[in-house]
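First comes the structure, then the notes that go with it.
The values are calculated or read from the model by the stated rules, or taken from the named source; none is laboratory data. Keep in mind the model is a prediction, meaning the values are calculated, not measured. Every residue, glycine among them, receives a Cβ derived from its backbone with ideal geometry; neighbour counts consider all protein chains shown. Note: areas computed on protein heavy atoms with side chains; ligands, DNA, RNA excluded. Shrake-Rupley method; radii C 1.70, N 1.55, O 1.52, S 1.80 Å.
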Amino acid sequence: MRKPKLIEDYNRLSYDAVSPFAHSAVRQTGASAFITGGTALAKPVADAVAALDADVAATDYPTPAQTAHRDELRTLVVTELGRLAKRLNLDYPANEPALLSSGLTLAEATSTAATQKQLSADAIMSIELLDGTQPGCVLVRFSRPTGTIQNLLRYSTDAKLPEENWLVATGGGRERQLGPFESGTRMFVKAAGLTGSTTEPQYSAIKSRIVQ
């Protein structure tokens, strides 16, 4: 029988998923009753993601040089996630409860691409757009897949923009208010539910609404 192993290569993580996934891995590894010294093991990941979060919070519109630096910080987080997974694979090669409790992704017999294609419709978030409680705002209401720990939203006034140019918002709960925007603006929104093992966010269908 194949022993359980964690995925050690997280280079395919979406940019927006790196930080929440890393925070989940740090939190779950540190709290695990099956892993000895989980907090110390996850500290390199915690330090790397803290540096990334600080950089993102400090600059809304980074220059090309700042973007390159941010990419380096993100790559460091991904690298440390892989190192943590490798260390846990060595320490707990056949202890599936320990590996699962790390918050990292347990490897499957099939490829990631094949696994993603098999996702049911129930695993993908759906959204509803409503008038916000404040003028110029749009209220996003989520139907969250089971296991969701964080919402990831992308929104834009131009649906033809490349995905990386859409604005991003994250948070919990089942509602999120965006805005204010100028009255008459058409907003386009899509969202994904992130779990502790999400490697590629599965976005909802894009919905649009004219701001009142």
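Side notes on the structure shown:
- Selection from A65, A169, N89, by position along the positive dipole direction of the chain (Cβ): N89
- Alpha carbon centroid spacing (whole Å) that separates the stretch 161-212 from the stretch 121-154: 7 Å
- Remark: C-alpha extents of the chain on the principal axes read 58, 40, 28 Å, sorted largest to smallest.
- Once both labels are positioned 7 Å from their Cα atoms along Cα-to-Cβ, the gap between A68 and T146 label points is 4.8 nm.
- Note on the chain: with a GNM built from Cα contacts shorter than 10 Å, the maximum mean-square fluctuation among A50, A58, A22 falls on A58.
- Percent accessible area from carbon and sulfur atoms, the chain, protein chains only, probe 1.4 Å: 53 percent
- Per-residue HN-Hα couplings for the stretch 128-135 [Karplus 6.51, -1.76, 1.60; θ = phi - 60°; Hz; x = Gly/Pro]: 10, 9, 9, 5, x, 7, 10, x
- Förster-model FRET efficiency, 35 Å R0, L90 and A51, C-beta, rounded to 0.05: 0.85
- With protein chains left intact and a 1.4 Å probe, residues in the stretch 162-212 average 53 Å² of accessible area per residue.
- Contour minus Cα-Cα distance for D9 and L161 (0.36 nm per residue): 51.8 nm
- Here the relative contact order of the chain, from alpha carbon pairs under 8 Å that lie six or more residues apart, stands at 24 percent.
- The label point for T59 and the one for S126, both projected 7 Å from the Cα toward the Cβ, are 4.1 nm apart.
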